[in-house]
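Have a look at the structure below, then the notes.
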Amino acid sequence: QEQVVESGGGLVQAGGSLRLSCTASGNSFSINHMGWYRQTPGKQRELVARIFSTGSTNYADSVKGRFTISRDNAKNTVYLEMNNLNPEDTAVYYCNANYVVKNVWGQGTQVTVSS
């Protein structure tokens with residue numbers, strides 16, 4: 001069964017760093033891309049960063065230069081390194097794995113940045 005398990009998140013002061021991890025079940029050949037999205041109350045879920053099986057990446061403009069997404073194919077794990085965080089980054093962060101057969105979401109992890 002395809003699923004993802006997230007870890008990381010928490011409370012950090014502005015300017016600080018956090019790392020999120022997401023591990024997907026199955027083998028890496030069945031996953032087109034994995035990434036992180038975030039959502040705040042009353043707003044739509046938005047893409048933060050995504051990495052394809054080829055290694056290419058997409059980033060939201062608001063996080064470019066501060067966030068880095070990487071992938072360990074052997075472990076089916078994606079990492080999101082978040083640096084220089086600011087209060088506008090506060091949100092629930094969701095991991096997504098786009099399998100060939102289905103799209104799978106994690107349960108979400110809270111990231112809170114205090115000013």
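The values are calculated or read from the model by the stated rules, or taken from the named source; none is laboratory data. Treat the numbers as computed from the prediction; the structure is a model and nothing was measured. Glycine gets a Cβ as well: all are built from the backbone with ideal geometry, and neighbour counts include every protein chain shown. Heads up: the accessible areas ignore ligands, DNA and RNA and are worked out on the full protein's heavy atoms, side chains in. Shrake-Rupley method; radii C 1.70, N 1.55, O 1.52, S 1.80 Å.
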Q. Considering the range 40-55 alone, what residues qualify as being closer than 21 Å to Thr23 by Cβ and either over 13 Å from the mean Cα position of the chain (by Cα) or in a strand (DSSP E or B) (or both)?
A. Leu47, Val48, Ala49, Arg50, Ile51, Phe52, Ser53, Thr54, Gly55
Q) Does Trp105 qualify as being open to solvent by less than 20 Å² (accessible area, probe 1.4 Å), at negative phi and of a type in the set (A, V, I, L, M, F, W, C)? A) no
Q: Working only within the range 34-93, note down all residues that are without any contact (Cβ under 8 Å) to a residue 60 or more places away in the chain, within 16 Å of Thr109 (Cα to Cα) and among the hydrophobic types (A, V, I, L, M, F, W, C).
A: Leu47, Val48, Ala49, Val78, Ala91, Val92
Q | In the range 48-84, the residues that are at pLDDT 95 or above, surrounded by fewer than 18 Cβ atoms within 10 Å (Cβ to Cβ) and β-branched (Val, Ile, Thr) | A | Thr57, Thr68
